[in-house]
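Notes to accompany the following structure.
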């Protein structure tokens, strides 16, 4: 196994932070080395210095794509931090259904991982709007920097064990058997989510209209305060007045400096 030196780790971690906002502390050296071991081995690199030179000179984008897929943590599951979904159903959707003009609802899952969060919201909205949903545009934008997880999300195939926490009615109405161990979401729900690759560190987001709700949960824990604050300010600017921001339960905003109004732990609003 190719060992990574402190200097090489610092060089690589600086690159990752500058381009993707993710802060890798020195105690992550072994983790990073382990996740990239096969990449170096298959390419025939004898050191992380060689690998880094290839990374920054590669014009195809393949090296960066592989790096992002390997170093990002994509731990998620259906109904994770369930209180957010209940609040969205019971408070946010009733408000938006009255306040949003032209029945054009704009929801963004800003770090969607393998799709569970976005599909949960799609099922919630399908159930909430019921028969009048045909008059609404409720498509959800779901983005991530990892192509690997986006590919999984687009397929919409999950093990029966992973969908177990979902309500029985959802499993019956929104899933069908894929094989003996897996189920697939029906087209009606899969077509409600638009998946795109997007880096939260981009200076400008490609949105023509402002959003009504942003979910960005359990992502900013990997950022330093400066990076987090800069991103939160961008979220504020891209939200409509009255719009909501949901972050992870282990995350918080500085209430003395943020322009967002605190609603509940990990739920904020633009007013």
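Within the stretch 154-166, residues that are over 15 Å from residue 180 (Cβ atoms) and in the same structural domain as residue 112 (by TED's automatic domain parsing) have Cβ atoms under 6 Å from residues that are surrounded by 15 or more Cβ atoms within 10 Å (Cβ to Cβ) and at pLDDT 95 or above in these pairs: 154/195; 156/184; 156/185; 156/190, counting only partners at least 6 apart in sequence or on another chain.
This table checks each residue for (1) under 30 Å from residue 185 (Cβ atoms); (2) modelled with pLDDT of 95 or more; (3) touching a helix residue (DSSP H, G or I) at 6+ places or on another chain (Cβ under 6 Å).
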residue	(1), (2), (3)
2	no, no, yes
17	no, no, no
24	no, no, yes
34	no, no, no
43	no, no, no
72	yes, no, no
76	yes, no, yes
86	yes, yes, no
97	yes, yes, no
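In the set (1) within 16 Å of residue 143 (Cα to Cα); (2) in contact with a strand residue (DSSP E or B) (Cβ under 7 Å, 6 or more places away or on another chain); (3) surrounded by 17 or more Cβ atoms within 10 Å (Cβ to Cβ), the condition left unmet by residue 239 is number (1). The criterion of at least 2 residues that are under 18 Å from residue 109 (Cβ atoms), outside the structural domain of residue 96 (by TED's automatic domain parsing) and at pLDDT below 95 is met by none of the strands (runs of 3 or more DSSP E) falling completely within the stretch 175-271. When 49, 65, 73, 30 are checked against the criterion of being part of a helix (DSSP H, G or I), surrounded by fewer than 17 Cβ atoms within 10 Å (Cβ to Cβ) and in contact (Cβ under 8 Å) with a residue 60 or more places away in the chain, 65 stands alone in meeting it.
Scanning the stretch 33-46 for residues that are surrounded by 14 or more Cβ atoms within 10 Å (Cβ to Cβ) and touching a residue at least 40 places away in the same chain (Cβ under 8 Å) gives a single hit, 45.
The values are calculated or read from the model by the stated rules, or taken from the named source; none is laboratory data. Quantities reported herein were computed from a predicted structural model and do not represent experimental measurements. A quick note on method: Cβ atoms are made from the backbone with ideal geometry, for glycine too, and the neighbour counts reach across all protein chains shown.
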